[in-house]
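Colleague: The structure is given below, and queries will be raised subsequently.
Please treat every number below as a calculation from the coordinates, not as lab data. Computed from a predicted structure; not experimentally measured. Positions of Cβ are generated from backbone atoms using ideal geometry, with glycine treated the same way; all protein chains shown enter the neighbour counts.
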Amino acid sequence: MDAAFLSCETPTMHMHVCGLLVLDTSTIGMGDPYERIRAMLEERLPGIAAMHHRLATVPLNVGRPFWVDDAELHIDRHLRRVRLTAPNDDRSLAELAGEFASTQLRRDRPLWEMLLIEGLPDDQVALLVKMHHATVDGITGANLMGELFDLAPGPPPAFTRTALPDSRAPNRFELLGRVLLEQLAEPFEIAKLLPATVGRIGGAVWQLAVRDKGHEGMIMPFTAPRTSFNATVTGNRTVAFIDVPLEEVKGVKQAFGVTVNDVLTAVVGGALRQYLAGRGELPERPLVAAEPVSVHEQAHGVQGTSKMSVMFTTLATDVDDPVERLRTIAASNARAKELNAVVGADTLLQWAEHFWLNGFSLGARLYSRVHGADHHPVIHNLILSNVPGPPMPLYLAGARLAGIYPLGPLMDGAGLNVTILSEEDRVGFGIVACPELVPDVWQIAEAIPKALHEIGDCASSVGSA
């Protein structure tokens, strides 16, 4: 899966993920935040493989690349500082984040970058982090936070500083030898995987066609309506971000007996309904979201960082009543999880081990070049991801985390990504869009609190009754 994320990247479809961290420096006293963060990275980086590994490419790309230690790693190649320009507000910060997200990572060094942004009001700075999806997903991202963040602003727990591993990068003959061993084993692995996959798919077909008699409530790919943001993307990115109180989300959850993910999905659905209706583009059919699903627990025997599947759910944008919309989404999510379990959450991950990566890469570039996404039914309208975060205060190099907004990738045909992360007492929404397809992404961000209040008012009525 990691290699697939590398292979499908094109000049316009970037496969990195970003994070916008807002930090309160009043907790660190005197000292330069940049130098403190740089010293912290220098101390902890040797213990984080994703930050000191670089790619070793097999000659002629006849097999998957390998990770090797970068003996020439220099933090100053990855960490920079800039100053925010007037008016020094959220929109100017988001504009800088959009520019940062619009550039791809260099592959001749470890696949990460950081940008410290100074000039924010109220003793705050921001840290933009960019990592390739081949090095991090939701679960490993949370683990990475555990490596970099502390639970107190004072001196961190005792941390043994170690040097980077002194390992020799394999030469081209060794790389070819590794690939040859993998390819010799591949027919046997496919032979073992095929019967299990056929059985799983057969079970899913029976469930949809026989047991459920028409799979009412089940959302399938290629059933999404076409909107203005469902077209071939460019390499440009715009960003917006906002947060809402976690307590308000949990209040809705308890009032209607649904999950936090159901509530957040309904909030996004309400915001997009408002956005599209305001532009006179609200389709009769509901929007469909592709939701990444972690399969780390089911994929113990599979190597690699990114271990995920995907499920499809409705955003019920065709439903006017917010409570009915929430219940429709809750039912859709429950059915999607059930079908995902029947198919096997790790099926996609196992087959990803056998992708023909050269063909995958050529196909992705050709698909982008001919604007393939514009000529077939829409697979899904957007990517929507929800990652639970830490419930306690966190500190980075002594500065308290005051806000965190994840920023996911865009795919051809879906020029909008909404990624959600809860942290302490708030929920952060990070929105990434292709500006040619979504002219004002802030309209979506500003509709999110309104959509939550709309459901929350209904929850209050239920409680008082």
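Colleague: Could you sort 380-386, 140-146 so that the peptide with the highest average Cβ count within 10 Å comes first and the rest follow in order?
Modeller: 380-386, 140-146
Colleague: Tabulate in residue order the Karplus-calculated ³J(HN,Hα) for segment 41-52, using 6.51 cos²θ - 1.76 cosθ + 1.60 with θ = phi - 60°, rounded to whole Hz; enter x for Gly and Pro.
Modeller: Running phi through 6.51 cos²θ - 1.76 cosθ + 1.60 with θ = phi - 60° gives 5, 4, 6, 9, 4, x, x, 10, 4, 4, 9, 10 Hz.
Colleague: Which order, highest average first, do 451-460, 68-77 follow once you tally other Cβ atoms within 10 Å for each residue and take the mean per peptide? Walk me through the numbers on the way to the answer.
Modeller: On the way: 451-460: 18.7, 68-77: 13.5.
Top to bottom by mean Cβ count within 10 Å: 451-460, 68-77.
Colleague: Rank these for me by crowding, R81, R335, going from fewest to most other beta carbons within 10 Å.
Modeller: R81, R335
Colleague: Output wanted: per-residue J couplings in Hz (rounded whole) for segment 129-135, from phi through Karplus 6.51 cos²θ - 1.76 cosθ + 1.60, θ = phi - 60°, x for Gly and Pro.
Modeller: Result, ordered by residue: 10, 10, 9, 6, 5, 5, 10 Hz.
Colleague: Roughly how many whole Å is it from the C-alpha centroid of segment 371-395 to that of segment 13-59?
Modeller: Answer, in whole Å: 23.
Colleague: Still on this model: Students often get this wrong, so check it: of K337/K450; K307/K337; K253/K307; K253/K337; K250/K450, which have C-alpha atoms separated by over 25 Å? Write out the running numbers ahead of the final one.
Modeller: Values: K337/K450 28 Å; K307/K337 17 Å; K253/K307 28 Å; K253/K337 18 Å; K250/K450 16 Å.
Those over the limit are K337/K450; K253/K307.
Colleague: Give me T27, T305, T135 ranked fewest to most by other Cβ atoms within 10 Å of their Cβ, as a rough exposure proxy.
Modeller: On the way: T27 16, T305 21, T135 26.
So the ranking, lowest neighbour count to highest, is T27, T305, T135.
Colleague: While we're looking at this one, here's another question. What is the sum of charges, Lys and Arg at +1 and Asp and Glu at -1, for the other residues whose Cβ falls under 13 Å from the Cβ of C18? Before the final figure, lay out the partial values.
Modeller: Values: positive: K130, R237; negative: E99, E113.
Spelling it out: positives minus negatives among the neighbours equals 0.
Colleague: Something else: Could you give the length gained on full extension between R80 and D457, defined as 0.36 nm per residue of separation minus the Cα-Cα distance, in nm?
Modeller: Working: separation 377, 0.36 × 377 = 135.72 nm, distance 4.47 nm.
So the chain would gain 131.2 nm between R80 and D457.
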